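Inspection log for the structure reproduced underneath, given as structure tokens.
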Amino acid sequence: MRLRRCAHLLVEPRDTLSFDLALVAAGGSGVRHATELVARAPHLRDDVVLSPAEVATVFAVSSSQWQALDELERIHPPPVLEALREKALLVVEGTHAAARDERVRDTHWRAPAAAMHYSSRWQGVDTEAALQSLPEDALRDHLGAAPPPVRERTPPTGRVPLPQARATALDGLLDRRVTCRNFDRTRSLSLADFSSVLYRVYGARALTEYAPGVHLLKKGVPSAGGLHPTEAYLLVQRVDGVPTGLYHYHPVDHALEPLRALDAAEAATLARRFVAAQAWFVDAHVMVMPTSRFGRTFWKYRNHPKAYRALILDVGHLSQTAYLAATELGLGAFVTAAINEVDIEEAFGLDPLEEGPLAVTGFGPRGPERHEIEFDPLNAVWPAP
Ligand SMILES: Cc1cc2nc3c(=O)[nH]c(=O)nc-3n(C[C@H](O)[C@H](O)[C@H](O)COP(=O)(O)O)c2cc1C
């Protein structure tokens, strides 16, 4: 049997505090402090807790060279090696864990980026429950004053005034771009508007063969390296002529690929889960999960320190374009980073080693009344109270 350490491994010392009456009786504060060593590796589904001996041993084993078990047992305590094998941080040649780890290597992740991505995915997180457990004024009382909204580098007299921007239609559009938290449950989105927004954000305007075997898409949004690695996975709830369900958008054919039909209750349950129970987004007529295909970008930017950042920036451009495309049609739009990535991956049958959602966006007609807060100080969408 031959083993090696998995490709990427983050070990995070995680502190927990608990209260113990016995410590008070002994004359102390009662606060018990413990540090857990929590390991996260991309090829594993869950975090793994390690002992200090396991941490010392796992990093002493090569991640590039396969080594025979009996050879390793001459250097390291056999029970510790066995525990690390069971936790699949030392992978055994020919096993399922080793095959998954091989795929991580083949994807050319940069180690800190892999740690960042795979340690920030949520499953089953309910932000509504978390909010309800916070007292009303927690933000103001606990955080104190925020840093000022503007960084000023010179006194007012030292500033060079610029001419007023000439107002164009784009200004009106930008003024009306207000994150929507009041979707209209009673109306459906027209097929024409649904199709237009998808095309403007994700649709390919040209397909070119840049080099033999290297095809590039031209879209309305920029993308690092021109690679457009972001897929659009959709949860459709109320669109004329489109049955409720899960879809993938084909950017070249400008077509939907149906993945799973849902009834209205199932769709609402998934919508709530995708946005970590943010009730104000659940009624969005369409949710689009911008999902990065890691292999496409890392094919070019191998083990590159900026590659993961480029994926995130790509999604930011897509999100803003979705806001503008929706706003132009008089629709509301939103983006959220508070999402349950693992639930989304499971619903769409995505392998997290291959592709991962980085946000949830959505759009649809706004309701006639504002029940949930929207930030519209210009009264561009809602009349002044
Ligand atoms: C990266 C990102 C993450 C966001 N996450 C959330 C979120 O979790 N929940 C939410 O209600 N709004 C979210 N928003 C929307 C912001 O709250 C919103 O943009 C901000 O309040 C300003 O309002 P405006 O978009 O109407 O100008 C997010 C926006 C961005 C760009």
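In summary, the convex hull built on the alpha carbon positions of the chain has an orientation-averaged projected area of 28.4 nm². Taken along the Cα-to-beta-carbon direction at a fixed 7 Å, the label points for residue 51 and residue 354 span 3.9 nm.
So how tilted is helix 96-107 from the main axis of the chain? Cα-based, degrees 0 to 90, rounded to 10. In the chain, helix 96-107 runs at an angle near 50 degrees to the longest axis.
Placing +1 on the Cβ of every Lys and Arg and -1 on the Cβ of every Asp and Glu, with nothing else charged, gives the chain a dipole about its Cα centre of roughly 1380 debye. For segment 120-227, the C-alpha radius of gyration sits at 1.76 times the compact-globule guess of 2.2 N^0.38 Å, with N the residue count.
Each 10 Å bin from 0 upward holds the following percent of the Cα-Cα pairs of segment 170-364: 9, 37, 38, 14, 2, 0. In the chain, the calculated helix contribution to ellipticity at 222 nm averages -9500 deg cm²/dmol per residue, counting -39,500 (n - 2.57) for every DSSP H run with n ≥ 4. Seen from a random direction on average, the alpha-carbon convex hull of segment 2-107 projects onto 8.1 square nanometres.
Calculated FRET efficiency, residue 74 and residue 37, Cβ-Cβ r, R0 30 Å, to nearest 0.05? After rounding to 0.05, the efficiency reads 0.75. Think of the chain as a dipole: +1 on every Lys or Arg Cβ, -1 on every Asp or Glu Cβ, centred on the Cα centre; then among 119, 329, 173, 173 lies furthest on the positive end.
Return the ratio Rg/(2.2 N^0.38 Å) for segment 248-385, where Rg is computed over Cα atoms only.
That ratio works out to 1.16.
Ordering 229, 384, 271 by Cα displacement along the dipole of the chain toward the positive end leaves 229 in first place; charges were set at the Cβ atoms of Lys, Arg (+1) and Asp, Glu (-1). A straight chain from residue 145 to residue 64 at 0.36 nm per residue would run longer than the Cα-Cα distance by 24.2 nm.
Would you work out if segment 312-385 is rounded, prolate or oblate? Take a ≥ b ≥ c from the square roots of the eigenvalues of the alpha-carbon gyration tensor; rounded if a/c is under 1.5, else prolate when a/b is larger than b/c, oblate otherwise.
Cα axes put segment 312-385 in the prolate bin.
Placing pseudo-labels 7 Å out from each Cα toward the beta carbon at residue 12 and residue 186 gives an inter-label distance of 4.5 nm. Between residue 266 and residue 129, the simple spin-label model (points 7 angstrom out along Cα→Cβ) gives 2.4 nm. The gain in end-to-end length when the residue 215 to residue 154 segment is fully stretched comes to 17.1 nm, 0.36 nm per residue minus the alpha carbon separation. Compared with the alpha-carbon gap, the fully stretched path from residue 302 to residue 105 is longer by 69.9 nm at 0.36 nm per residue. Summing Cβ point charges (Lys, Arg +1; Asp, Glu -1) relative to the Cα centre of segment 291-385 gives a dipole of roughly 580 debye. Coupling constants for segment 181-192 follow from the phi torsions by the Karplus curve (6.51 cos²θ - 1.76 cosθ + 1.60, θ = phi - 60°), and in residue order they are 10, 9, 6, 8, 6, 8, 10, 10, 8, 6, 4, 4 Hz; glycine and proline get x. Applying the Karplus relation 6.51 cos²θ - 1.76 cosθ + 1.60 with θ = phi - 60° to segment 7-23 yields 3J(HN,Hα) values of 4, 10, 8, 10, 10, 10, x, 10, 8, 10, 10, 9, 9, 10, 4, 4, 5 Hz, where x marks Gly and Pro. A Förster distance of 41 Å, applied to the separation of the beta-carbon atoms of residue 376 and residue 253, puts the FRET efficiency at 0.65.
We did not get these values from a lab; they are worked out from the coordinates using the rules stated. Nothing here was measured: the structure is a model prediction, and the numbers come from that model. All Cβ positions, glycine included, derive from the backbone under ideal geometry; neighbour counts span all protein chains shown.
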